[in-house]
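Inspection log for the structure reproduced underneath, given as structure tokens.
Since every read-out is calculated from the coordinates, none of them should be taken as a lab result. Quick caveat: nothing in here was measured; it's all calculated off a predicted structure. Please note: Cβ atoms are built from the backbone with ideal geometry, for glycine as well, and neighbour counts cover all protein chains shown.
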Amino acid sequence: MNEVEAKFRVDCGSLEGLRAKLETLGFKYKGLFEEVDSYYSHPCRDFMSSDEALRVRISGNVVTLTYKGPRVSSRFKERLEVSVRVEGDIIGLLEHLGFKHALSVRKLREYFEGEGATVAIDRVEGLGCFIEVEAREADVGVIDRVAMSLGVQGSRVDETYVELLLKSSSSPPSF
């Protein structure tokens, strides 16, 4: 399934107002989750140069393994995303297969759903606060509508959290 999303940097002091706007737009609050996203380098190819990613997300007791394909030409960030819930020692399995831990992204994420979109309010350790708007199905126009309604359309960030963390790090890991 292709993921189509846009990320916007926001002032952390504006989060309460953004939550209120989402509520008035009819979005339903789905909860607050602490998520740790661990990214792994491939033993035989460079994910950074191929614009791919392999992620293990731990959110509470739920562990998800996700492959993200290269971004395709699109107005928004669009890429193939394949996710599976896993049990057992997925990290040990990856390491036995030659994958190496490269970087972790820690965040508190609030999910909201409505208007054909999922909106996440993220507080990302080391980076600050962001809003992600992900279109469900084929209606990418919802991203523009939600961003405009929230007043964040001018603060779009095209980099992933990994890319932003690597930019801010003095000694980036290799992928």
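At-a-glance table
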| item | result |
| --- | --- |
| Derived scalar couplings ³J(HN,Hα) [the stretch 18-34; Karplus, 6.51 cos²θ - 1.76 cosθ + 1.60; whole Hz; x for Gly, Pro] | 5, 4, 5, 4, 4, 4, 5, 7, x, 6, 9, 6, 10, x, 10, 9, 8 |
| Cut-off 14 Å between beta-carbons: net charge of the residues surrounding Gly26, Lys and Arg +1, Asp and Glu -1 | +2 |
| Packing-based exposure ordering (other Cβ within 10 Å, fewest first) of Met48, Met1, Met148 | Met1, Met148, Met48 |
| Percent RCO, i.e. relative contact order, over the stretch 2-168, from Cα pairs under 8 Å lying at least 6 residues apart | 31 percent |
| Euclidean distance of C-alpha centroids, the stretch 99-130 and the stretch 5-35, integer Å | 11 Å |
| Within straight-line cross-link reach of Lys100, lysines at Cα separation under 29 Å, skipping those fewer than 8 residues along the same chain | Lys7, Lys68, Lys77, Lys167 |
